[in-house]
Amino acid sequence: MPIDSDREVVLRCQECRSAGLDGAYRELYELYRDRVYNVCYRICGNATDALDASQETFGILFRKIEGFRFESRFSSWVYRIAVNASIDLKRRAAARWTASLDALQDAGPTGSGRFEVADTDLEQPTAAASRHELEAEIQSAIDRLSPKMRAITVLRYTESLSYEEISETLQISLGTVKSRLSRAHAALDRELTPVLDKHYLA
């Protein structure tokens, strides 16, 4: 296995008695903050859940880093924690959503609603609206994938991991990586071809 580029900072974290966010832990956090958030966002589908999943990822990472033995790439371990934290959060959110729907049905219609509005001051309103609509439709298509295919798609195309790195991260065979990606491609092609045609060929 190649030398792990994160080995030095990980070893310094393992030597620390405190897991407070300073020193080597701060360095490790800064190194992985954006990558972890990107994975969590693509799997969770919204910023609030992505932040929660990111916090959970780093909590697990810092609690368990002392036991990491470099039997895989450190980055693979981090991605694995982020993927699992995001999928677990989505499952918990789905359970809460089901419970909320049951409660609403019992209480009757309320007629209330809430919408998030993105800050588009730096763009022309029409261009901003079109871009946000496209991003939302792409994310929606990813959300409709199964959790396993969603995770593998995010690692491949958001984080640009190789098949071998995905295999190591998710602890599955190369054949399974290729099979899941193939199924994800087919599903996304069906979902996104009409969307892209609408945005770019209209």
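Within segment 75-85, is even one residue of a type in the set (S, T, N, Q), surrounded by fewer than 17 Cβ atoms within 10 Å (Cβ to Cβ), assigned to a helix (DSSP H, G or I) and at pLDDT 95 or above?
Residues of segment 75-85 that are of a type in the set (S, T, N, Q), as a first pass: 75-76, 84.
Okay, now just the ones that are also surrounded by fewer than 17 Cβ atoms within 10 Å (Cβ to Cβ), so none.
There is no residue in segment 75-85 that is of a type in the set (S, T, N, Q), surrounded by fewer than 17 Cβ atoms within 10 Å (Cβ to Cβ), assigned to a helix (DSSP H, G or I) and at pLDDT 95 or above.
Condition first: under 22 Å from residue 77 (Cβ atoms) and modelled with pLDDT under 90. Now tell me which residues in segment 172-191 satisfy that. Give the steps one after another, and end with the answer.
Filtering segment 172-191 down to residues under 22 Å from residue 77 (Cβ atoms) leaves 172-174, 176-177, 180-181.
Once the filter is applied, which keeps residues that are under 22 Å from residue 77 (Cβ atoms) and modelled with pLDDT under 90, segment 172-191 yields nothing.
The set of residues in segment 17-55 that are polar (S, T, N, Q) and under 18 Å from residue 92 (Cβ atoms) comprises 46, 48, 54, 55. Would you mind stating whether residue 146 is among the hydroxyl-bearing types (Ser, Thr, Tyr), modelled with pLDDT of 80 or more, closer than 30 Å to residue 57 by Cα and exposed (fewer than 14 other Cβ atoms within 10 Å of the Cβ)? The answer is yes for residue 146. Tell me, which residue of segment 38-48 that is touching a helix residue (DSSP H, G or I) at 6+ places or on another chain (Cβ under 8 Å) and over 11 Å from residue 158 (Cβ atoms) is modelled with the lowest pLDDT? By that ranking, first place goes to 45.
The values are calculated or read from the model by the stated rules, or taken from the named source; none is laboratory data. Computed from a predicted structure; not experimentally measured. Cβ atoms come from the backbone with ideal geometry, glycine included; neighbour counts cover every protein chain shown.
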